[in-house]
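Structure record follows, encoded as structure tokens.
The values are calculated or read from the model by the stated rules, or taken from the named source; none is laboratory data. What you are looking at is a predicted structure, and each value in this text was computed from that prediction instead of being measured. Neighbour counts run over all protein chains shown; Cβ positions are idealised from the backbone, glycine included.
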């Protein structure tokens, strides 16, 4: 029934010509908004995940330096105590003590090859890998570490990214708002156009009523029409959006410095974008149906 | 009669499925006016038995079309009681009204075909509305169209047809679903007498199969050639007369039929089928059955 020849010549309306393009534009906008949402979300996930798995524990150097041997001994003891605490903590998978040479290498650009000689005592570092599936009680760990060596710090890298992630989240919220507005605009347009069609085709509808057509029989023709034009328009919008996203992806891949965030959509993301198209068509169909049944229901 | 060979798709199997043989249409002292305008119908009473065949006659402006609009539930009476298939017309909700209308075939005076649909699709429409489609139904539609002489015009658009051809399409559309009640407004107005006769055969055949028929016409040739009961409407007299005056001085132009006319028709009808008259403004005497 859905695609049978309609009794109401909706295809001859002027709206049948422009509406698919309007829908195309809306699906295009919605697809881009959704794509940016997906790209930013993937980016945040990647940052988040990589950094949540790692912690750095800083063990302060011994407070006094009298002679090198004693200092080294004390530092080693402190490290050992901290590593013992970390080893006791069940959610910690691995704790790797960075050698002083490696740490010295990290600060060499600023402090030169021998920082100890400058009287600057840099803390020892322990790279910790955390089991992501379990929650790590940071408070308890901090307390335990303080008990072992006072002044030991846990550096959760996430902190540094907080601002960046907040920015990304606001981009996401913006994208969601755009999606919502586009959906509202599409619905309003279809309500308006459907009402106009109803009054254009009033004589035919009156005749159908006189012949015993139920409102839902008439609504079915409007909804089939809405489904057709929104699928047609939606497909155009989807293809345009896909072409643009493909171009962004290509441009990103050409950038050797990696300055641009990579715009890459997984297969699943493309499926989600295609859902926009289907969803738009369904909204158009449902809106047309409700508009017709409500408008006709108000007639005597 | 070729009509016999027309096998209709089952639509509740039979045309006759009246609940407890209810009167098909009953009007009791029905009056109708549009807004504050003049009365179009006044104190009209009559009833149509299942399987009956009536003509509605009367000069143009006597309210024939309005009467048909009333019966198709397109119009509510201003006063009086109107029942269709045993149910009060005013009590029907939207869905019941649609359901009732699907049991009525209508031939509109102005045809009201759908211009963008072919002749075939126009005639198929009532079948679509009752959910009967498919090649089998299409076959019946083609057969019926051939019978009304439109076999070569099946795929034509209404705009390319003559008035008479359009009229036959409208009639085919009204009868295809074998309705319980057939209403026709001047169904022979645009065709020559030969085709008019053929169409009347069609109506009579449908009537024999159980459809109640009501035809508005002023073709006297046909009403004599195919005699059936006549409901005669005279234009409603606009100055509201006291009921007694109207009784005492019936005249042409009042809402009551003239005795002369009544006698004339009465005699004409006695020759063949015992026609009876139903006059407006005379509720007591006019109700049939």
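Picking from residues in the stretch B:73-93 that are within 12 Å of another protein chain (Cβ to nearest Cβ) and in contact with a helix residue (DSSP H, G or I) (Cβ under 7 Å, 6 or more places away or on another chain), the one that is surrounded by the fewest Cβ atoms within 10 Å (Cβ to Cβ) is B:76. Of all residues in the stretch A:2-28, those that are within 14 Å of another protein chain (Cβ to nearest Cβ) and within 20 Å of residue A:213 (Cα to Cα) have Cβ atoms under 6 Å from Cβ atoms of residues that are part of a loop (DSSP other than H, G, I, E, B) and modelled with pLDDT of 85 or more, 6 or more apart or on another chain, in A:8/A:201; A:9/B:116.
Here residue B:70 fits the description: within 14 Å of chain A (Cβ to nearest Cβ), touching a residue at least 24 places away in the same chain (Cβ under 8 Å) and either under 23 Å from residue B:189 (Cβ atoms) or not in a strand (DSSP E or B) (or both). Tell me, please, whether a residue that is under 24 Å from residue B:211 (Cα atoms), touching a helix residue (DSSP H, G or I) at 6+ places or on another chain (Cβ under 9 Å) and modelled with pLDDT of 90 or more can be found in the stretch B:9-27. Checked against the condition, which is being under 24 Å from residue B:211 (Cα atoms), touching a helix residue (DSSP H, G or I) at 6+ places or on another chain (Cβ under 9 Å) and modelled with pLDDT of 90 or more, the stretch B:9-27 yields at least one hit. One residue is enough: does the stretch B:55-67 have a residue meeting the conditions within 14 Å of chain A (Cβ to nearest Cβ) and under 23 Å from residue B:207 (Cβ atoms)? Taking every residue of the stretch B:55-67 in turn, at least one turns out to be within 14 Å of chain A (Cβ to nearest Cβ) and under 23 Å from residue B:207 (Cβ atoms). In this structure, does residue A:69 turn out to be touching a helix residue (DSSP H, G or I) at 6+ places or on another chain (Cβ under 8 Å) and either modelled with pLDDT under 85 or under 27 Å from residue A:237 (Cα atoms) (or both)? When the stated conditions are applied, residue A:69 does not pass them. Candidates are the residues of the stretch B:150-161 that are exposed (fewer than 15 other Cβ atoms within 10 Å of the Cβ) and part of a helix (DSSP H, G or I); the one that is nearest to the other protein chains (Cβ to nearest Cβ) is B:159.
Just a yes or no: is a residue in the stretch A:200-211 surrounded by 14 or more Cβ atoms within 10 Å (Cβ to Cβ), within 14 Å of another protein chain (Cβ to nearest Cβ) and touching a strand residue (DSSP E or B) at 6+ places or on another chain (Cβ under 9 Å)? Within the stretch A:200-211, one or more residues are surrounded by 14 or more Cβ atoms within 10 Å (Cβ to Cβ), within 14 Å of another protein chain (Cβ to nearest Cβ) and touching a strand residue (DSSP E or B) at 6+ places or on another chain (Cβ under 9 Å). With respect to the conditions (1) closer than 20 Å to residue A:140 by Cβ; (2) touching a helix residue (DSSP H, G or I) at 6+ places or on another chain (Cβ under 8 Å); (3) part of a strand (DSSP E or B), residue A:125 lacks only one, and its number is (1). Of all residues in the stretch B:107-149, those satisfying the criterion of being part of a loop (DSSP other than H, G, I, E, B), at the interface with chain A (Cβ under 9 Å from one of its Cβ atoms) and touching a strand residue (DSSP E or B) at 6+ places or on another chain (Cβ under 9 Å) are B:108, B:112. Taking the criterion of being farther than 14 Å from residue A:191 by Cα and either surrounded by fewer than 23 Cβ atoms within 10 Å (Cβ to Cβ) or away from chain B (no Cβ under 14 Å) (or both), the residues of the stretch A:219-228 that qualify are A:220, A:224, A:228.
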